[in-house]
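Engineer: One structure, pasted below without further comment.
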Amino acid sequence: MAAVIITAAFSSCSNGNQEKKDSSSQEKYFDIPAFFQKEIDSLASTNPEINKTVKKDDQEETKKLKIKDWQIELSSFQAIDLNKSAYAGFVKVDSTDSLIQYSFTNPELDLSCVRIKLNKDGNPEMISVEKEVRNTLYKTSEFLVYEKDKFYLVEKNQQVKVMGDNYYKVQGEF
């Protein structure tokens with residue numbers, strides 16, 4: 001449900017009004033791993049209780065709990081690095097006062113879109129990521145959303161030859 005809301009809230013990655021093509025491998029983009037390290041450190045020190053929902057295909061379970069290791073819990077987010085050399089030359093940036101959108105022009109790359117919504121002070125309040133990995137054996141699509149002090153969501157669809165389809169969702173609400 002949150003994914004639908006977030007998807008509707010942001011414009012499509014393919015629609016950019018002010019696109020700028022990155023032709024320099026030295027271009028520096030927002031440091032997502034550093035942002036999430038700060039979030040991890042903050043969450044580890046405050047140790048909030050969250051409502052965590054885990055869903056695998058049709059089975060779902062929700063519990064109120066404290067996360068033992070935020071580094072592991074948010075590892076999917078922290079692994080997103082816009083400054084990887086593999087992305088150099090394949091990034092389109094479209095930005096407004098409150099949104100930075102990174103689109104990736106090479107379909108062979110795992111990232112297709114990263115959006116960072118900024119608050120009135122220019123600090124990130126929401127980050128969403130669309131990823132897709134394909135090869136001859138499987139296709140995996142991931143959608144990640146993190147809204148500071150509100151929730152995080154990791155949705156994954158896998159289509160594996162011979163083994164079939166799998167759906168996973170992990171959502172934590174602060």
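The values are calculated or read from the model by the stated rules, or taken from the named source; none is laboratory data. Just so it is clear, the model here is predicted, and its values are computed rather than measured. Cβ placement follows ideal geometry from the backbone for every residue including glycine, while neighbour counts extend to all protein chains displayed. These area figures cover heavy atoms from the full protein model, side chains too; ligands, DNA and RNA do not enter into them. Shrake-Rupley method; radii C 1.70, N 1.55, O 1.52, S 1.80 Å.
Engineer: Could you give the accessible area per residue of the chain, probe 1.4 Å, as a whole number in Å²?
Structural biologist: With the other protein chains kept in place, the chain gives 60 Å² per residue.
Engineer: Also, I was wondering about something else. What is the dipole size for the chain, taken about its Cα centre, with +1 at each Lys and Arg Cβ and -1 at each Asp and Glu Cβ, in debye to the nearest 20?
Structural biologist: 160
Engineer: For residue 55, what accessible area in Å² do you get when you roll a 1.4 Å probe over the heavy atoms of the protein chains, rounding to the nearest 10?
Structural biologist: 60
Engineer: State the percentage of accessible surface on the chain attributable to carbon and sulfur atoms; use a 1.4 Å probe and exclude ligands, DNA and RNA.
Structural biologist: Percent of accessible area from carbon and sulfur atoms in the chain: 48.
Engineer: Keeping all protein chains in position, work out how much accessible area residue 173 exposes to a 1.4 Å probe, and write it in Å² to the nearest 10.
Structural biologist: For residue 173, solvent-accessible area is about 90 Å².
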